[in-house]
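Quick notes on the structure that follows.
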Amino acid sequence: MSKNAWMMSCAEDVRFAATTGGPTGALIRLQHRYLDRVLHGATRNPEVTAAFHEVLSLVEPPTRLFHPSVVAAVLRG
């Protein structure tokens, strides 16, 4: 699970211009856009809130945010 925490941290760090190194590219940009929508959804949908909390608390892996019910709620907005 510590690998997941490190990956989540590094992927978010590259949002900032002052960050050097770390993952880059289209996949990371897509991940950032999806996570922005997850954060928005977490303020409105209890299932998205629970999934986000579980991932952030390292109780579940980041793939939890891609469970079909979570993805559907996130894409519905």
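Okay, here's what the table says:
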| read-out | value |
| --- | --- |
| Qualifying residue in segment 58-71 (condition: in contact with a Lys or Arg (Cβ under 6 Å, 6 or more places away or on another chain), surrounded by 12 or more Cβ atoms within 10 Å (Cβ to Cβ) and closer than 21 Å to Ser9 by Cα) | no |
| Restricting segment 1-38 to residues that are within 22 Å of Thr49 (Cβ to Cβ) and among the hydroxyl-bearing types (Ser, Thr, Tyr), the residue that is surrounded by the fewest Cβ atoms within 10 Å (Cβ to Cβ) | Ser9 |
| Filtered residues of segment 47-57 (kept if among the hydrophobic types (A, V, I, L, M, F, W, C) and open to solvent by 60 Å² or more (accessible area, probe 1.4 Å)) | Leu56 |
| Residue in segment 14-36 that is at negative phi, touching a helix residue (DSSP H, G or I) at 6+ places or on another chain (Cβ under 6 Å) and touching a residue at least 40 places away in the same chain (Cβ under 8 Å) present | no |
| Residue match in segment 53-69 (condition: touching a Ser or Thr at 6+ places or on another chain (Cβ under 6 Å) and modelled with pLDDT of 95 or more) | no |
| Arg44 open to solvent by 90 Å² or more (accessible area, probe 1.4 Å), out of contact with any Asp or Glu (no Cβ under 6 Å at 6 or more places or on another chain), of a type in the set (Lys, Arg) and not in a helix (DSSP H, G or I) | yes |
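The values are calculated or read from the model by the stated rules, or taken from the named source; none is laboratory data. Given the structure is predicted, the values throughout are model-derived calculations rather than measurements. Counting neighbours? That spans all protein chains shown, and the Cβs are built from the backbone with ideal geometry, glycine included. In case anyone asks, the SASA skips ligands and DNA or RNA and just uses the protein heavy atoms, side chains included. Shrake-Rupley method; radii C 1.70, N 1.55, O 1.52, S 1.80 Å.
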